[in-house]
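Worksheet: one structure, shown below.
The values are calculated or read from the model by the stated rules, or taken from the named source; none is laboratory data. Small disclaimer: the values here were computed from a predicted structure and weren't measured. Neighbour counts run over all protein chains shown; Cβ positions are idealised from the backbone, glycine included.
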Amino acid sequence: MTHGDVVSACRYCVATHPEAEQKVLAELAAAGLPVNGDMEAALRALEAGGPDMLQRLPYFNAVINEAMRMYPAGASASLRWEQPCPWLAR
């Protein structure tokens, strides 16, 4: 899963769950990130904070983990068979 895939999955999950968005924004604000209710600004500030910033954001980490669980990399890279597999036809 690439960085873009993770960000897209997280944004989708948060956008479809407003209560989660509010919790994420509150946690980011409590960590001292200038979010002002804007998820885009929060993500830019988070990237600027580096990897140590994520250790101070347990709910945000949970959102990332849940998004990766719900939309795993394997789902987009699965094999596609053109003909039926003989071992499945039994």
(request) Within the range 1-39, track down each residue that is modelled with pLDDT of 85 or more, closer than 23 Å to A73 by Cβ and of a type in the set (D, E, K, R). (result) R11
(request) Considering only the range 6-17, state which residues are of a type outside the set (S, T, N, Q) and surrounded by 12 or more Cβ atoms within 10 Å (Cβ to Cβ). (result) V6, V7, A9, C10, R11, Y12, C13, V14, H17
(request) Could you look through the range 55-70, keep only residues that are touching a residue at least 60 places away in the same chain (Cβ under 8 Å) and not small (G, A, S), and pick out the one that is surrounded by the fewest Cβ atoms within 10 Å (Cβ to Cβ)? (result) M70
(request) Pull up the range 1-34, narrow it to residues that are assigned to a loop (DSSP other than H, G, I, E, B) and among the aliphatic types (A, V, I, L, M), then point me to the one that is nearest to D52 (Cα to Cα). (result) A31
(request) Scan the range 18-43 for residues that are under 17 Å from V6 (Cα atoms) and surrounded by fewer than 14 Cβ atoms within 10 Å (Cβ to Cβ) and jot them down. (result) E40
(request) Only residues in the range 1-13 that are of a type in the set (S, T, N, Q) count as the first member; pair them with residues that are in a helix (DSSP H, G or I) and surrounded by 14 or more Cβ atoms within 10 Å (Cβ to Cβ), Cβ under 9 angstrom, at least 6 apart or cross-chain, and list the lot. (result) S8/A67
(request) Could you list all residues from the range 40-68 that are at pLDDT 85 or above and assigned to a loop (DSSP other than H, G, I, E, B)? (result) R56, L57
